[in-house]
Amino acid sequence: MSANSAERPPFLEVVLVKGGRTKIRYPAELVADDGTRIAVRAPWSGEGVRDFGFVRFEPGDVFTEYYWRDRWYAVKEVRDAAGALKGWYCDITRPATLSGAELVVEDLDLDLWRSADGTDVLRLDEDEFAESGLARSDPEAAAAAVAALDELEVLATVAGGLESLLA
């Protein structure tokens, strides 16, 4: 379905689920929906500043987020209030589902960060993923999650790799 369809509202509610519970929900502007990939844009929805050490998310930051119905990840392009690219934050997730105006994504703990200049590519939260028990409770999902992280890491280390997913 196209984002131009009269059936799709101009704003969606993004619902991030983790461990069976809603972790966060926030409104986002629907940018595009080609039937496979959904793109939304939203301001930083966290409280205040979140400093990860390698990047700071803060009020005024804008996230253009790409979700797939058939892939095990989401890619979020992060820009500051002036529009300068900070980098890409990638969540490993089950494929996204869209029902009405609600975009639901299940976070599987693994993440990847790539800085704007490409010098930093970081695999994140592998300890949380191991502790989640997904490998025992759903080995197929765990394998898909690890494969998705590996795929994103390769794309993040190639010039234009992540960007090619977003074109």
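The values are calculated or read from the model by the stated rules, or taken from the named source; none is laboratory data. Bear in mind that the values here come from a model prediction, so they are computed numbers and not experimental data. Cβ sites come from the backbone with ideal geometry, for glycine too, and all protein chains shown count toward neighbours. For accessibility, only protein heavy atoms count, side chains too; no ligands or nucleic acids. Shrake-Rupley method; radii C 1.70, N 1.55, O 1.52, S 1.80 Å.
So the values come out like this:
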read-out	value
Pair list, Cβ under 7 Å, 6 or more apart: the range 13-30 residue on the phi < 0 side of the Ramachandran plot, other residue among the basic types (Lys, Arg)	13/25; 14/25; 15/25; 16/23; 17/23; 28/41; 29/41; 30/8
Pairs, first at negative phi in the range 116-130, second among the small types (Gly, Ala, Ser) and outside any helix (DSSP H, G or I), C-beta under 8 Å, six or more apart	116/84; 116/87; 120/87; 121/115
Residue match in the range 2-18 (condition: among the basic types (Lys, Arg), exposed (fewer than 13 other Cβ atoms within 10 Å of the Cβ) and at pLDDT below 95)	no
Whichever residue in the range 152-162 is open to solvent by 80 Å² or more (accessible area, probe 1.4 Å) and outside any helix (DSSP H, G or I) and, among such residues, is nearest to residue 90 (Cα to Cα)	157
Elements of type strands (runs of 3 or more DSSP E) in the range 84-151, at least 1 residues being open to solvent by less than 40 Å² (accessible area, probe 1.4 Å) and touching a Leu at 6+ places or on another chain (Cβ under 6 Å)	85-93, 102-115
Test: residue in the range 46-61 that is in a loop (DSSP other than H, G, I, E, B) and under 13 Å from the mean Cα position of the chain (by Cα)	no
Residue within the range 88-105 that is over 23 Å from residue 15 (Cα atoms) and over 13 Å from the mean Cα position of the chain (by Cα) present	no
Residue in the range 70-79 that is over 27 Å from residue 33 (Cβ atoms) and open to solvent by 50 Å² or more (accessible area, probe 1.4 Å) present	no
Unmet criterion (only one of (1) touching a helix residue (DSSP H, G or I) at 6+ places or on another chain (Cβ under 8 Å); (2) not in a strand (DSSP E or B)) for residue 66	(2)
Among the residues listed as 93, 97, 22, 36, the single one being farther than 19 Å from residue 155 by Cα, of a type in the set (Ser, Thr, Tyr) and in contact with an Asp or Glu (Cβ under 8 Å, 6 or more places away or on another chain)	36
